Protein chains: 2
Amino acid sequence: MATYVTLTELFQNRVESPTVRRLLLAGVEAFWRDGFHASSTRDIAKRAQLSPAAVYVHFKAKEDLLFDIILYVAEHLRNGLREAAAKGGSPAELLSRLVHAYVALPARMYKASLVANREFGSLTLSQRKQIVKIRDELEDIVGSCLAVGKSSAEFNFDDLSITRMAVVSLCRSTLLWYSPRGKYTPEEIGDYYVDLVLGMVGGKVAARQAPPAARLRAAG
Amino acid sequence: MATYVTLTELFQNRVESPTVRRLLLAGVEAFWRDGFHASSTRDIAKRAQLSPAAVYVHFKAKEDLLFDIILYVAEHLRNGLREAAAKGGSPAELLSRLVHAYVALPARMYKASLVANREFGSLTLSQRKQIVKIRDELEDIVGSCLAVGKSSAEFNFDDLSITRMAVVSLCRSTLLWYSPRGKYTPEEIGDYYVDLVLGMVGGKVAARQAPPAARLRAAG
């Protein structure tokens, strides 16, 4: 399955100014180590080897820097799930790609993803609303796939909303224990979770044993 | 399956002094609504309809009140899992009881359980060590059950440590969305998660279809 970009690569794709990229990376590192409230603009500037004044040239407040980090990470995951969804295939194939991305893509940038989870409450109300909208779309993408698989009987579970919440929570929970010093790469953990989730939704037999033609009929 | 006690009942069983019980309940309410750091001893005393001085008669510091809450909740869950484990049966039967308790028991006291998760970092180092020891035991109980089911081939998964972490994280994640105003009781959600987890570990067929004698042989 797919491999995923690092945080440095994500910022390179998204942010034109090298100075802003340095500030964003320094912000992730500071917020990850010390938390948002305990990190000063001065700390961040120092980590980025810039003057505190340079921070204010690019960000009105520390909150805006945090928001950009959380927004980029959330949009990146949303784009990953959109791409996974756009590829088509049977519900089990689609769910496999979604779970893989949902696990491995944030783990590739686990510091920023953890900051996004932990410091969500430090955003302003209007910032939180923008992020919630993106997170709702993530759940909708997973939910649509589960609904299609349930109605075609490729999946076998009773309650769509609990199952969707369980799948999404399980994917997100990997961030709580993932370590780059661990035994497995993000992509390997992603593969493993695909298997766990297919088991959860009763889609394992379909994905593993049915010939492709049967899978396509079931998905139709 | 089992039903579980409320927080009020837990404190009634554990704490002799009615004043201390009132303070603990007020602490849970305050920490749940405003967070540990934003809650003052005065707030807690007011909620318990006591004077601030009364708090200090029973707790040296706000931290000690938090610790008692987290300790009681953690020990209660540990006792629930120990009891579930002691009842014997096949690995699938045992895992079913463990998952049910791990989901429904904290949900029955979801405010205190959420406070315990969120405010763990506000404890002192030695307090955290005591709680980590209890949490490690929870993971060990689940892990032992998974190991037995794997070695008897009643369960079908590859990696014990990832699977254990996935099962435990999934159970814990219900607290992130559980609401007493939701469609299902904690015990119903527990039943549903038993099914999800048996699917995850490949134990569903064994639990549902094997006759009891075959299950006992597999567990032996």
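Residues of region B:123-135 that are more than 13 Å from every other protein chain (Cβ to nearest Cβ) and part of a helix (DSSP H, G or I): B:Leu125, B:Ser126, B:Gln127, B:Arg128, B:Lys129, B:Gln130, B:Ile131, B:Val132, B:Lys133, B:Ile134. All conditions in (1) within 12 Å of chain B (Cβ to nearest Cβ); (2) at pLDDT 95 or above; (3) under 24 Å from A:Arg135 (Cβ atoms) hold for A:Asp195, with the sole exception of (3). Do we find a residue being in a helix (DSSP H, G or I), of a type in the set (Val, Ile, Thr) and within 24 Å of the chain's Cα centre (by Cα) anywhere in region A:56-69? Scanning region A:56-69 turns up at least one residue that is in a helix (DSSP H, G or I), of a type in the set (Val, Ile, Thr) and within 24 Å of the chain's Cα centre (by Cα).
Do we find a residue being in contact with a helix residue (DSSP H, G or I) (Cβ under 6 Å, 6 or more places away or on another chain), farther than 22 Å from A:Gly27 by Cα and surrounded by 15 or more Cβ atoms within 10 Å (Cβ to Cβ) anywhere in region A:82-89? Lay out the reasoning, then the answer.
The first filter runs over region A:82-89 and keeps only residues in contact with a helix residue (DSSP H, G or I) (Cβ under 6 Å, 6 or more places away or on another chain), leaving A:84-85.
Restricting the remaining residues to those that are farther than 22 Å from A:Gly27 by Cα gives A:84-85.
When the remaining residues are screened for being surrounded by 15 or more Cβ atoms within 10 Å (Cβ to Cβ), the result is A:84-85.
For region A:82-89, residues in contact with a helix residue (DSSP H, G or I) (Cβ under 6 Å, 6 or more places away or on another chain), farther than 22 Å from A:Gly27 by Cα and surrounded by 15 or more Cβ atoms within 10 Å (Cβ to Cβ): present.
Taking the condition of being part of a helix (DSSP H, G or I) and either within 7 Å of another protein chain (Cβ to nearest Cβ) or among the polar types (S, T, N, Q) (or both), how many residues in region B:172-188 meet it?
3
When we screen B:Ser144, B:Ser152 for residues that are within 24 Å of B:Glu75 (Cα to Cα) and modelled with pLDDT of 95 or more, the only hit is B:Ser144. In this structure, is B:Arg164 charged (D, E, K, R), over 21 Å from A:Thr163 (Cβ atoms), surrounded by fewer than 22 Cβ atoms within 10 Å (Cβ to Cβ) and modelled with pLDDT of 95 or more? Against the criterion (charged (D, E, K, R), over 21 Å from A:Thr163 (Cβ atoms), surrounded by fewer than 22 Cβ atoms within 10 Å (Cβ to Cβ) and modelled with pLDDT of 95 or more), B:Arg164 qualifies. Which members of region A:83-96 meet the condition of being farther than 17 Å from A:Val167 by Cα and either in contact (Cβ under 8 Å) with a residue 24 or more places away in the chain or out of contact with any Leu (no Cβ under 9 Å at 6 or more places or on another chain) (or both)? Of everything in region A:83-96, those that are farther than 17 Å from A:Val167 by Cα and either in contact (Cβ under 8 Å) with a residue 24 or more places away in the chain or out of contact with any Leu (no Cβ under 9 Å at 6 or more places or on another chain) (or both) turn out to be A:Glu83, A:Ala86, A:Gly89, A:Ser90.
When restricted to residues that are within 15 Å of B:Val28 (Cβ to Cβ) and open to solvent by less than 40 Å² (accessible area, probe 1.4 Å), region B:38-61 contains 7. Within region B:123-151, the only residue that satisfies the criterion of being polar (S, T, N, Q) and either closer than 13 Å to B:Tyr102 by Cα or open to solvent by less than 40 Å² (accessible area, probe 1.4 Å) (or both) is B:Gln127. Considering (1) free of Cβ contacts under 8 Å to residues at least 40 places away in the same chain; (2) surrounded by fewer than 20 Cβ atoms within 10 Å (Cβ to Cβ); (3) assigned to a helix (DSSP H, G or I), the lone condition that A:Trp32 does not fulfil carries the number (1).
Checked against the criterion of being within 14 Å of chain A (Cβ to nearest Cβ) and under 14 Å from the mean Cα position of the chain (by Cα), region B:145-167 has at least one qualifying residue. Of everything in region A:83-99, what is over 14 Å from the mean Cα position of the chain (by Cα) and either aliphatic (A, V, I, L, M) or within 16 Å of A:Val197 (Cβ to Cβ) (or both)? Give them in sequence order. Within region A:83-99, A:Ala85, A:Ala86, A:Gly89, A:Ser90, A:Pro91, A:Ala92, A:Glu93, A:Leu94, A:Leu95, A:Ser96 qualify.
Rundown of residues vs (1) part of a helix (DSSP H, G or I); (2) surrounded by fewer than 16 Cβ atoms within 10 Å (Cβ to Cβ), yes/no style:
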site: A:Gly80; (1), (2): yes, no
site: A:Val103; (1), (2): yes, no
site: A:Ser113; (1), (2): yes, no
site: A:Asn117; (1), (2): yes, yes
site: A:Gly121; (1), (2): yes, yes
site: A:Ala153; (1), (2): no, yes
site: A:Phe157; (1), (2): no, no
site: A:Leu170; (1), (2): yes, no
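The values are calculated or read from the model by the stated rules, or taken from the named source; none is laboratory data. Please read these numbers as outputs of a predicted model, since none were measured by experiment. All Cβ positions, even for glycine, are placed from backbone atoms using ideal geometry, and neighbour counts span all protein chains on display. All accessible areas refer to the heavy atoms of the entire protein, side chains included, with ligands and DNA or RNA removed. Shrake-Rupley method; radii C 1.70, N 1.55, O 1.52, S 1.80 Å.
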